[in-house]
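Since the structure comes first, as structure tokens, the remarks are kept for the end.
The values are calculated or read from the model by the stated rules, or taken from the named source; none is laboratory data. Everything numeric in this text was worked out from a predicted model, so none of it was measured. Just so you know, the surface numbers come from the protein's heavy atoms only, side chains and all, with ligands and any DNA or RNA stripped out. Shrake-Rupley method; radii C 1.70, N 1.55, O 1.52, S 1.80 Å.
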Amino acid sequence: MTTENAAEFIRRAEERNAARMAAIEPLAAVLAERAALQQQIDAIQDRISALEPEYSRAYLAAEKAGWDAAELAALDAPAPTRRPRGRPAKKTSPKPASTAADASARDRVPAQVPATVEPVNAN
């Protein structure tokens with residue numbers, strides 16, 4: 001391939017690639033905007049979660065003042081997310097895995113059958 005042929009080859013490849021690159025640029029822009037919006041959504045969800053205890057206390061106070069759940073729902077005040085009652089389960093550390101030596105020792109111990117068991121007569 002001569003230098004002229006190589007230059008022509010590269011020029012044609014760049015022409016074809018230019019159309020592809022032009023199509024990818026808007027996609028990159030939309031992806032960037034989506035990522036920015038998702039960050040905003042995540043921040044707002046964190047703020048809403050942080051308000052949940054205060055909302056629960058205010059909702060409970062309204063119920064104690066005589067408002068029932070149906071009335072509050074009609075006012076666009078949904079019941080707060082309830083936590084399960086009782087203490088949270090204790091986190092326990094996982095049991096250590098048995099070693100191969102433990103398994104082989106178990107396999108060598110014969111099953112023990114009581115010597116006092118007498119056969120049952122089917123008479």
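Considering only the range 25-41, I want to know if a residue exists there that is open to solvent by 70 Å² or more (accessible area, probe 1.4 Å), over 30 Å from residue 73 (Cα atoms) and in a loop (DSSP other than H, G, I, E, B).
Scanning the range 25-41, I find no residue that is open to solvent by 70 Å² or more (accessible area, probe 1.4 Å), over 30 Å from residue 73 (Cα atoms) and in a loop (DSSP other than H, G, I, E, B), so the answer is no.
Which condition number does residue 67 fail, the rest of (1) in a helix (DSSP H, G or I); (2) hydrophobic (A, V, I, L, M, F, W, C); (3) at pLDDT 95 or above being met?
That leaves (1) as the condition not met.
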